[in-house]
Amino acid sequence: MSLIPYALARPFLFSLDPEAAHDLTLTMLSKAQGTPLTWAYCNGRVDDPITLAGLKFPNRVGLAAGLDKNARCIDGLGAMGFGFVEVGTVTPLAQSGNPKPRMFRLPQANALINRLGFNNEGLDAFVANVQRATFRKQPQSQPMLLGLNIGKNAATPIERATDDYLLGLNGVYPHADYVTINISSPNTKNLRALQSDEALDSLLSAIAQRREVLSQQAGRRVPIFVKIAPDLDEAQIEVIAATLTRHGMDGVVATNTTLSREAVQGLPHADEMGGLSGAPVLEASNRVIRQLRAALGKAYPIVGVGGILSAQDAVSKIEAGADLVQIYTGLIYQGPELVRQAAQALKNMKL
């Protein structure tokens with residue numbers, strides 16, 4: 001149990017510019033991890049193992065990609081009680097992202113808008129940070145799992161996007177428990193076009209072929225998940241589901257942020273460009289999860305993410321058809337205790 005309640009830290013963090021608060025938090029986590037200072041925010045992990053895609057997850061609650069883009073804080077984040085942590089999105093080359101300001105709080109809606117644009121230090125720095133993490137060396141029967149999330153550089157033409165994803169896959173494959181292909185950020189021009197029928201078919205075909213080569217080299221088959229947007233209709237979701245299974249992808253992460261502003265109209269910052277996350281995305285994400293489950297059948301792994309601000313929100317994802325859940329914006333608004341609350345609620349469900 002954490003020694004410092006998040007309710008004491010939040011007013012200070014919320015007094016700062018959102019991106020400054022984000023950067024300060026990650027800097028503090030990176031310095032505290034592996035030291036006694038971890039006790040200031042750590043949570044005991046709820047034991048609720050589940051096996052999916054050939055992996056044994058210690059519990060059903062994970063960290064969504066985007067919070068730790070450079071994989072600096074894997075051990076620190078793991079101390080919050082997550083069963084799995086996903087870091088990235090990483091691109092082959094370092095890039096600064098979109099101009100600032102590019103992150104905005106909508107506290108009346110428990111929401112964020114960001115247009116960060118895959119700002120990260122590049123693949124080499126990312127992999128070096130992953131290799132420095134010590135969580136797999138800790139004496140525990142069920143180590144936390146690590147997902148590595150890859151994307152394309154903004155300067156790479158969309159016609160050459162596959163090249164970037166293959167470079168990313170080559171780099172992260174030896175170090176990942178699973179890899180997520182991010183084709184759904186709204187903040188890289190034309191990226192979401194990769195969700196369309198022909199583009200997705202071509203990309204996943206190349207990914208599947210490269211995975212076969214890498215699995216032979218590494219002597220293990222790393223599961224690959226694909227992260228999709230909430231702004232899809234039922235016909236698009238059915239096409240994506242068919243394409244995922246056709247190319248042997250191991251799971252789907254549903255969903256990324258939304259471009260819709262229907263739920264936040266009239267609020268300060270509501271008209272800012274970028275992806276909206278937090279409470280307003282809950283139902284849109286759950287709709288996609290329900291449609292994916294109907295299209296994919298009972299056994300296909302679905303990770304539900306979007307709008308989890310309470311334990312009941314996490315339960316709603318499982319009820320919609322998800323097997324696992326991920327948190328990001330909820331961590332900012334509710335703090336690390338949400339991880340344990342959500343994991344305990346999911347353990348208590350009569351599945």
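The values are calculated or read from the model by the stated rules, or taken from the named source; none is laboratory data. As the structure is a computational prediction, the values presented were derived from the model and not from experiment. Note that each Cβ is placed from the backbone with ideal geometry, even for glycine, and that neighbours are counted across all protein chains shown.
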### Message
Can you pull out every residue in region 262-281 that is under 14 Å from Gly307 (Cα atoms) and either out of contact with any helix residue (DSSP H, G or I) (no Cβ under 7 Å at 6 or more places or on another chain) or aliphatic (A, V, I, L, M) (or both)?
### Response
Ala263, Val264, Gly275, Leu276, Ala279, Val281
### Message
If Tyr173 meets every condition in (1) under 23 Å from the mean Cα position of the chain (by Cα); (2) loosely packed, with under 14 Cβ neighbours inside 10 Å apart from one, which number is that one?
### Response
(2)
### Query
Mind checking whether some residue in region 6-24 is part of a loop (DSSP other than H, G, I, E, B), of a type in the set (A, V, I, L, M, F, W, C), at pLDDT below 95 and surrounded by fewer than 17 Cβ atoms within 10 Å (Cβ to Cβ)?
no
### Task
Would you check which residues across region 34-48 are part of a loop (DSSP other than H, G, I, E, B), over 15 Å from Val339 (Cα atoms) and not polar (S, T, N, Q) and list them?
Gly34
## Note on the structure
Given (1) hydroxyl-bearing (Ser, Thr, Tyr); (2) closer than 22 Å to Leu146 by Cα; (3) surrounded by fewer than 21 Cβ atoms within 10 Å (Cβ to Cβ), Ser316 misses just (2)
#### Entry: First in region 152-168 and farther than 19 Å from Ser96 by Cα and at pLDDT 95 or above, second anywhere and among the charged types (D, E, K, R) and assigned to a loop (DSSP other than H, G, I, E, B), Cβ under 7 Å, 6 or more apart
none
### Query
Using beta carbons and a limit of 9 Å, which pairs, at least six apart or on different chains, have the first residue in region 24-43 and touching a residue at least 40 places away in the same chain (Cβ under 8 Å) and over 14 Å from Tyr6 (Cα atoms) and the second one part of a loop (DSSP other than H, G, I, E, B) and among the β-branched types (Val, Ile, Thr)?
Gln33/Thr134; Gly34/Thr134
#### Entry: Count of residues meeting criterion [within 21 Å of Thr188 (Cβ to Cβ) and in a helix (DSSP H, G or I)] in region 254-292
4
### Query
Is one or more of the residues making up region 73-85 touching a residue at least 60 places away in the same chain (Cβ under 8 Å) and surrounded by fewer than 13 Cβ atoms within 10 Å (Cβ to Cβ)?
no
### Query
Taking interchain pairs and intrachain pairs at least six residues apart, which have beta carbon atoms under 7 angstrom, with the first residue in region 301-320 and in a loop (DSSP other than H, G, I, E, B) and the second of a type in the set (A, V, I, L, M) and buried (at least 24 other Cβ atoms within 10 Å of the Cβ)?
Gly306/Val281; Gly307/Val281; Ile308/Ala314; Ile308/Val325; Ile308/Ile327; Ile308/Ala342
### Query
Quick one: which of Lys56, Lys31 is part of a helix (DSSP H, G or I), farther than 26 Å from Val281 by Cα and among the basic types (Lys, Arg)?
Lys31
### Task
Of the conditions (1) at positive phi; (2) in contact (Cβ under 8 Å) with a residue 12 or more places away in the chain, Gly297 clears all except one; give me its number.
(2)
### Answer residue from region 25-39, given it is in contact with a helix residue (DSSP H, G or I) (Cβ under 7 Å, 6 or more places away or on another chain) and either more than 25 Å from Ser96 (Cβ to Cβ) or at pLDDT below 90 (or both) and is surrounded by the most Cβ atoms within 10 Å (Cβ to Cβ) among those
Gln33
